[in-house]
Amino acid sequence: MRLIKNLSLLLVFAALSGIASAQTLFNQVPFYQGTPAGAVAPATPAATSIKSSSGFLLGIVCFNNNATPVYVKIFNLGTGSITLGTTSATWSLECPGNTAGNGYVIPLAWPAAFSTAISYAVTGGIAFNDNTAIASNTVTLDWWFL
């Protein structure tokens, strides 16, 4: 089962990278088996923990059936240290909008290190410290982390 999950991520990464074969990639990139997690973003933005201690982010999936884009804010902080509207995110990723559904899958070739904790929030504005509400039950997120 673990091999199938890793191979699936490898094939997606190979396709997105334009690499002709997964075998070529397999010989060059180490596999990291992460813990999967998923959530439906709340309408009122809330800082939510992916991992409450230091760790690595391995991949992100976001799908949005809002007509407008939403923004996934990723923090290198515990949720108790985040005040949405004030605290700036480490990363802000746009998840495109489309009422028929739209989004992305980002397998990270190398794990992204977080020294304190891994937390996120989903907002309606692009600013790194935004706190704009979104429509409820419109954004789904999945993560792989160590």
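The values are calculated or read from the model by the stated rules, or taken from the named source; none is laboratory data. The structure displayed is predicted, hence computed values, not measured ones. Every residue, glycine as well, gets a Cβ built from its backbone with ideal geometry; the counts of neighbours run over all protein chains shown.
For the condition in the same structural domain as Ile126 (by TED's automatic domain parsing), of a type in the set (A, V, I, L, M, F, W, C) and farther than 16 Å from Asn137 by Cβ, what is the one hit in Ala67, Ala89?
The conditions single out Ala89.
Got a sec? Which of Ile126, Ile134, Ile118, Ile82 is surrounded by 14 or more Cβ atoms within 10 Å (Cβ to Cβ) and either of a type in the set (Gly, Ala, Ser) or within 19 Å of Phe63 (Cα to Cα) (or both)?
The conditions single out Ile134.
Kindly evaluate Leu146 against the criterion of being aliphatic (A, V, I, L, M) and crowded, with 17+ Cβ neighbours inside 10 Å.
Judged against the criteria, Leu146 is not a match.
Could you check, for segment 13-33, whether at least one of its residues is modelled with pLDDT of 60 or more and not in a strand (DSSP E or B)?
Yes, segment 13-33 contains at least one residue that is modelled with pLDDT of 60 or more and not in a strand (DSSP E or B).
Take the conditions β-branched (Val, Ile, Thr), at pLDDT 85 or above and surrounded by 13 or more Cβ atoms within 10 Å (Cβ to Cβ) and apply them to Val40. Does it pass?
No, not satisfied.
Tell me, yes or no, whether segment 53-67 has at least one residue that is aromatic (Phe, Trp, Tyr) and buried (at least 18 other Cβ atoms within 10 Å of the Cβ).
No, segment 53-67 has no match at all.
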